[in-house]
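Shown next, in structure tokens, is the structure this report addresses.
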Amino acid sequence: MDVSPRHAWSVWRRNATLYRRTWKFNILPNFFEPVFYLTAIGIGVGAYISEIGGMRYIEFLTPGLLAVAAMHGASFEVTYNVYVRIHFEKAYDGMLTTPVGPDDILIGELLWSMTRSLFYGGGFFIVAALFGLVPFPGGLAALVVIPLAGLLFAAIGLAFTMRIPFIDLFSFYFTLFLTPLFLFSDVFFPIRERLPGAWLIVAEALPLLHPVRLARSAFLGEWGWVALWDVGYILAVSAVLLEFARRGVRKRMMS
Amino acid sequence: MPEPKPPVVSMRGVSKSYGRSLAVDGLDLDVPAGQCFGLLGPNGAGKTTTLRMIYGAARPSAGTVAVFGRDVARHGRAVRAQLGVTLQDNVLIETATARENMEIFGRHYLLDAETIARRVGTLVEFLQLGAHADMIVRRLSGGFKRRLAVALSLMNMPELLILDEPTTGLDPNVRQGLWSRIRALRAAGTTVLITTHYMDEAERLCDRVVIMTRGRAIADDAPAALIAAHLAREAIEFDCDEAEGERFLAGLDDAVPHLRTGDRLMAFADDAGWLQEALRALDGGDRRPFVLRPANLEDVFLSLSGTRLDEEG
């Protein structure tokens, strides 16, 4: 990697400058969406569930949805928005006439999508706190999970976006990748109690599982060795996919 | 006599292939400092690929590219800090104002806020953007968008300005305006490298041109020198079929350089007055229209390549 932090920062600032124009429209849905989920699923569905792992269903659900919010915040940015910048706005072609290099662009976009995940996840966190669902002060540790989930899903999304030939493939990304992750990553039910043992090892490959488990540990205040594995997974998978994305950028922009 | 400056761009044996197709084929090129240098050629001749290798967005498959005496492959970032590029398609943020576009670009050059504000002011004046500077780019006319695109590439006050087809698709008055700005920059000491497939643009702006076709440079000199070397200063142009043409040319006392494109025959002489008289005499009573005009680079291109500039290279 040949990253110049100041040039990468100029890419981040570009996005931030444009976001400032529309932030009111972008930020508000971040607050509504978690309210809907927490009331419909947490309170509505939760009313039929007596308890889950010794807690109210909504308490089980909240940390999972926090990780999901961070996942979505990063994912929207690195899919459609980055694709539009490459193919329609040709923004990277413009940047590459300046001292900004391809790796600076990648890191700038990565940081910006992590920032978006902070807005999303942070919005959810605030709403959850207002619902009285965040245990203080222990639950504050879950705030660290937001950028980690942002990093992971930004890296996955960038690797995908930098390599795909046409925009329609994003519908696969969302319906065949993110949606099943959302449904089967410990967010709505504990997969440990539903999957036979051998499958549990396979389930460890699911990316969303790791930030969900970390967020739940933070909310419960119960940390185990598995947290190290979760953090290690997030960092390692992100690094590998960023390298894959990096080669994609060079191939696409610099040939 | 001042020491002659080293060339700003120096390409040696540069080739670039995409799969099996060769976009640039063994190109040698020197862009002298302080001049306006033109890459002239039809679409597909390899002009844009050549530019991309100069600012480091494409790597040559063979050969070396040095800009400001530094190898672009190794010092791309430092080289790009000293040059500006206006791409063929405007790269603008349509949802931001012209001013915001310039500020964002300035930050890519790591300029501080004060410098950016000052340069934006200078460039708004230089390119006569006026009140349009605070309009959303989406609402600007094509001419203003193009001027903004040029302004972006001047944010770092480059020593080398690269313009890829700067006036393609613009109104005549907008073209004239941009030409005057390019001349002003050159007069202030900026080296300008432009690509164009308009021979009038090349003749008006360029101190020196390289004519490219199929990835090769087929001529490299001052426009007037190219015309003098390959044809003559003036041209007579008229319609006739091939047999008639043979008859006309055979009837002249001296052999003259000539070109044919379709049914149009062009004959060249340094002072074509006598030629016009002679041809009119040979024409007998037909009184067909003869056009007397200065010879131009389009003619040179036709004579060198056998095709017209607006055909595919």
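The values are calculated or read from the model by the stated rules, or taken from the named source; none is laboratory data. Computed from a prediction, not measured in an experiment: that's the story for all the values here. So basically every Cβ, Gly included, is an ideal-geometry build from the backbone, and we count neighbours across all protein chains shown.
Points worth noting:
- Given (1) crowded, with 23+ Cβ neighbours inside 10 Å; (2) assigned to a helix (DSSP H, G or I), number of the condition A:Phe172 does not satisfy: (1)
- Cβ separations smaller than 8 Å between residues 6+ apart or across chains give the following pairs from region B:104-126 residues that are under 19 Å from B:Phe144 (Cβ atoms) to residues that are in a loop (DSSP other than H, G, I, E, B) and among the small types (Gly, Ala, Ser): B:Ile104/B:Ala96.
- Every residue from region A:96-114 that is out of contact with any Pro (no Cβ under 9 Å at 6 or more places or on another chain) and assigned to a helix (DSSP H, G or I): A:Pro102, A:Asp103, A:Ile105, A:Leu106, A:Gly108, A:Glu109, A:Leu110, A:Leu111, A:Trp112, A:Ser113
- If you go through region B:94-114 and pick out every residue that is among the aliphatic types (A, V, I, L, M) and under 30 Å from B:Val9 (Cα atoms), you end up with 4.
- Of all residues in region B:127-136, those satisfying the criterion of being loosely packed, with under 14 Cβ neighbours inside 10 Å and part of a helix (DSSP H, G or I) are B:Gly130, B:Ala131, B:Asp134.
- Selected residue (criterion: surrounded by the fewest Cβ atoms within 10 Å (Cβ to Cβ)) from residues of region B:88-116 that are more than 7 Å from chain A (Cβ to nearest Cβ) and part of a loop (DSSP other than H, G, I, E, B): B:Asp112
- Cβ pairs under 7 Å, 6+ apart, first in region B:236-248 and under 15 Å from B:Phe268 (Cα atoms), second part of a helix (DSSP H, G or I): B:Ile236/B:Leu275; B:Ile236/B:Gln276; B:Ile236/B:Leu279; B:Phe248/B:Leu279; B:Phe248/B:Leu282
- Residue within region A:30-50 that is within 14 Å of chain B (Cβ to nearest Cβ), farther than 21 Å from A:Ser185 by Cα and among the aliphatic types (A, V, I, L, M) present: no
- No other residue among B:Gly121, B:Gly76 is among the small types (Gly, Ala, Ser), within 11 Å of chain A (Cβ to nearest Cβ) and not in a strand (DSSP E or B) apart from B:Gly76.
Yes/no per residue for (1) over 14 Å from A:Phe76 (Cβ atoms); (2) surrounded by fewer than 18 Cβ atoms within 10 Å (Cβ to Cβ):
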| site | (1), (2) |
| --- | --- |
| A:Ile126 | yes, yes |
| A:Val134 | yes, no |
| A:Gly138 | yes, yes |
| A:Phe153 | no, no |
| A:Pro165 | yes, yes |
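- Any chance A:Gly139 is part of a helix (DSSP H, G or I) and more than 19 Å from A:Ile234 (Cα to Cα): yes
- Scanning region B:155-182 for residues that are part of a helix (DSSP H, G or I) and either surrounded by 19 or more Cβ atoms within 10 Å (Cβ to Cβ) or more than 13 Å from the chain's Cα centre (by Cα) (or both) returns B:Pro172, B:Asn173, B:Val174, B:Arg175, B:Gln176, B:Gly177, B:Leu178, B:Ser180, B:Arg181, B:Ile182.
- Of all residue pairs spaced 6 or more apart or on separate chains, those with beta-carbon atoms under 8 Å, a first member in region A:234-247 that is among the basic types (Lys, Arg) and a second member that is surrounded by 14 or more Cβ atoms within 10 Å (Cβ to Cβ) and part of a helix (DSSP H, G or I) are A:Arg246/A:Pro102; A:Arg246/A:Asp103; A:Arg246/A:Leu106.
- Residue in region A:26-38 that is nearest to A:Val84 (Cα to Cα), counting only those that are surrounded by fewer than 18 Cβ atoms within 10 Å (Cβ to Cβ) and not aromatic (Phe, Trp, Tyr): A:Asn26
- Any hit, region A:24-38, residues being farther than 30 Å from A:Leu183 by Cβ and without any contact (Cβ under 8 Å) to a residue 60 or more places away in the chain: yes
- Of all residues in region B:17-73, those being away from chain A (no Cβ under 14 Å), part of a loop (DSSP other than H, G, I, E, B) and either over 23 Å from B:Gly306 (Cα atoms) or touching a strand residue (DSSP E or B) at 6+ places or on another chain (Cβ under 7 Å) (or both) number 10.
- Qualifying positions in region A:88-104 - buried (at least 24 other Cβ atoms within 10 Å of the Cβ) and either out of contact with any Lys or Arg (no Cβ under 9 Å at 6 or more places or on another chain) or on the phi > 0 side of the Ramachandran plot (or both): A:Gly94
- Residues of region B:1-39 classified as over 17 Å from B:Thr191 (Cβ atoms) and not aromatic (Phe, Trp, Tyr), total: 17
- Residue in region A:6-25 that is of a type outside the set (S, T, N, Q), more than 10 Å from every other protein chain (Cβ to nearest Cβ), under 19 Å from A:Ala159 (Cβ atoms) and surrounded by fewer than 24 Cβ atoms within 10 Å (Cβ to Cβ) present: yes
- If the condition is being of a type in the set (Lys, Arg) and within 14 Å of chain B (Cβ to nearest Cβ), then region A:51-94 contributes A:Arg85, A:Lys90.
- Checking B:Val124, B:Val67, B:Val85 one by one, the residue that is at pLDDT 95 or above and surrounded by fewer than 23 Cβ atoms within 10 Å (Cβ to Cβ) is B:Val124 and no other.
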